[in-house]
Structure formats: structure tokens, C-alpha cells
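To start, the structure under review is shown below, and the notes come after it.
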Amino acid sequence: MKRLIAPLSVALLITLSGCGVGSKPSTSDGGDTKSSSSSSSTESGGESESTGPQSVSFGQPATVSTDKGTQLKLTIGAPTDFTGQADFEAEKGKYVVIDASAELAKGVAGNVSEDEFILVDANGNRYEPAIASMEISGSFIKLLTDKGKAETGQIIYDVPADATGLKVEYSPTDVDSKPLGLLATWK
């Protein structure tokens, strides 16, 4: 299912870029895929730009540049045990869920996909989002077109029952599917 959703969201972005939505301007220097992230000056004590990945507390927003001219404001909640209806048994031990929120802060359009958020435990083990049920209405695959309008959802992970020190890392790709590297971490 996850392998079907990612190509569908890419196809949607390609379609929209053909209409002028989400297209990035060309540059004469060949473009630079190096990313930068920024943080709100009210939350960082006056600092408005950061050139490296941001590290924020769970529940705090991080504003990141994902493409030239596009910035997203992302907020990730702390992992909690999943109490919803699971159609599939957890393979590693238990399901945990995080609440996620994203909004377009700058640009014409942006997208987020749950596949870009990796859960990491204290031992460095990495967990990709899992499918716990056939219900996908609360999933976190969003096309963002309205500045300032938050889109929310949940991301579910299958982790060992004794996993500790969980953090979430955000490593997206640009509109050309090139990895942008680690842009933000929530601890």
C-alpha cells in the first residue's frame, strides 16, 4: 500500500507542475540542491536563519526550506502508544503513533509524505511508517496549497515494545525526487 501511495503523490505533483503549480524556477547556474532551514525569530531568540538541520522539542514547529522558494512549517507530536483499531498485528512489538501538522509558509505549493518522517530509537534503529489498518483517512500525505492553512494527520510506526529514546527525523526530497538530507529532528 505504501509503495502505491508515494508514486500517486509524485504523479499528482508532476501533473500540478505541468499546470504551473509547484514548479520551480530555473537558474542559469544549474541550481543548487543544498537546502537550508529557518526558524521563527520569536522562537529562536532573534535568530531567523539556520543553515543546518533544526532540532526542536516534540510539539514545537520547525520551518524548513524544501525547494527554492518553498518553506513548510511542520509540527510533530511525541510518540504515544497506538490505541486505534489495528487490522494487522504489529510485527516488531507494538504500534506507536505521532500527530503531525504541516502548513505552507512560503511558496506556491508544497507536499509532505509520511515516508519522509523516520522514527529513530536510542540505539539508532530506524523505523519507517507502518500500515496498521486499511483506514487511510488520517494518514499524513498532504498537498499544501493554501498559505497558513494547517493540514493534520497521524503517522504510525511498528517498534519493539521496549524501544526508548524515540525521536523523529524529517528527510524529504525535492520536486525532482533528489534527497534534501536531514532538515529537522523532534526529540
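The values are calculated or read from the model by the stated rules, or taken from the named source; none is laboratory data. Note that the structure is a prediction, hence the values are computed from the model and not measured. Counting neighbours? That spans all protein chains shown, and the Cβs are built from the backbone with ideal geometry, glycine included. Just the protein is used for accessible areas: all its heavy atoms, side chains included, with ligands, DNA and RNA removed. Shrake-Rupley method; radii C 1.70, N 1.55, O 1.52, S 1.80 Å.
Output the number of the condition that S177 fails; it satisfies all remaining conditions of (1) over 13 Å from the mean Cα position of the chain (by Cα); (2) of a type in the set (S, T, N, Q); (3) outside any loop (DSSP other than H, G, I, E, B).
Evaluating S177 over (1) over 13 Å from the mean Cα position of the chain (by Cα); (2) of a type in the set (S, T, N, Q); (3) outside any loop (DSSP other than H, G, I, E, B) leaves (3) as the failure.
Please work out which residue is modelled with the lowest pLDDT, limiting yourself to the stretch 164-185 and to residues that are aliphatic (A, V, I, L, M), open to solvent by less than 50 Å² (accessible area, probe 1.4 Å) and farther than 14 Å from K73 by Cβ.
Once the filter is applied, the top-ranked residue is L180.
Do the conditions hold for S101, that is, is it touching a helix residue (DSSP H, G or I) at 6+ places or on another chain (Cβ under 7 Å) and open to solvent by less than 40 Å² (accessible area, probe 1.4 Å)?
No; evaluated as a whole, the condition is false for this residue.
Collect the residues in the stretch 114-155 that are aliphatic (A, V, I, L, M) and closer than 14 Å to S101 by Cβ, keeping them in residue-number order.
I141, L144, A150, I155
Taking the conditions exactly as written (touching an Asp or Glu at 6+ places or on another chain (Cβ under 7 Å), open to solvent by 40 Å² or more (accessible area, probe 1.4 Å) and either among the aromatic types (F, W, Y) or modelled with pLDDT of 95 or more (or both)), does A161 satisfy them or not?
Values: touching an Asp or Glu at 6+ places or on another chain (Cβ under 7 Å): no; open to solvent by 40 Å² or more (accessible area, probe 1.4 Å): yes; either among the aromatic types (F, W, Y) or modelled with pLDDT of 95 or more (or both): yes.
Here the answer is no, as A161 does not meet what is asked.
Could you check how many residues of the stretch 104-142 are over 11 Å from the mean Cα position of the chain (by Cα) and of a type in the set (D, E)?
Number satisfying all stated conditions: 3.
Would you be able to tell me the number of residues in the stretch 108-141 that are in contact with a Ser or Thr (Cβ under 8 Å, 6 or more places away or on another chain), more than 19 Å from Q60 (Cβ to Cβ) and either open to solvent by less than 20 Å² (accessible area, probe 1.4 Å) or modelled with pLDDT of 95 or more (or both)? I'd like the intermediate steps shown before the answer.
Keep residues of the stretch 108-141 that are in contact with a Ser or Thr (Cβ under 8 Å, 6 or more places away or on another chain), which gives 108-111, 113-114, 116, 118, 121-122, 140-141.
Those left that are additionally more than 19 Å from Q60 (Cβ to Cβ): 108-111, 113-114, 121-122, 141.
Then keep just the ones that are either open to solvent by less than 20 Å² (accessible area, probe 1.4 Å) or modelled with pLDDT of 95 or more (or both); that gives 109-110, 113-114, 121-122.
The total comes to 6.
So which residues in the stretch 49-95 are among the basic types (K, R) and at pLDDT below 90?
Listed by number, the list holds a single entry, K68.
Got a number for residues in the stretch 158-171 being in contact with a Pro (Cβ under 8 Å, 6 or more places away or on another chain) and assigned to a loop (DSSP other than H, G, I, E, B)?
Here the count works out to 2.
Keeping to the stretch 58-80, report how many residues are open to solvent by 20 Å² or more (accessible area, probe 1.4 Å), under 16 Å from I98 (Cα atoms) and assigned to a strand (DSSP E or B).
So the answer is 3.
Looking only at the stretch 81-98, which residues are open to solvent by 50 Å² or more (accessible area, probe 1.4 Å) and either aromatic (F, W, Y) or touching a Lys or Arg at 6+ places or on another chain (Cβ under 9 Å) (or both)?
Filtering the stretch 81-98 for residues open to solvent by 50 Å² or more (accessible area, probe 1.4 Å) gives 81, 83, 85, 87-89, 91-92, 94.
Within the stretch 81-98, D81, F88 meet the criteria.
Hey, could you check the stretch 143-156 for residues that are under 12 Å from the mean Cα position of the chain (by Cα) and without any contact (Cβ under 8 Å) to a residue 60 or more places away in the chain and say which is surrounded by the most Cβ atoms within 10 Å (Cβ to Cβ)?
So, considering only residues that are under 12 Å from the mean Cα position of the chain (by Cα) and without any contact (Cβ under 8 Å) to a residue 60 or more places away in the chain, the one surrounded by the most Cβ atoms within 10 Å (Cβ to Cβ) is I155.
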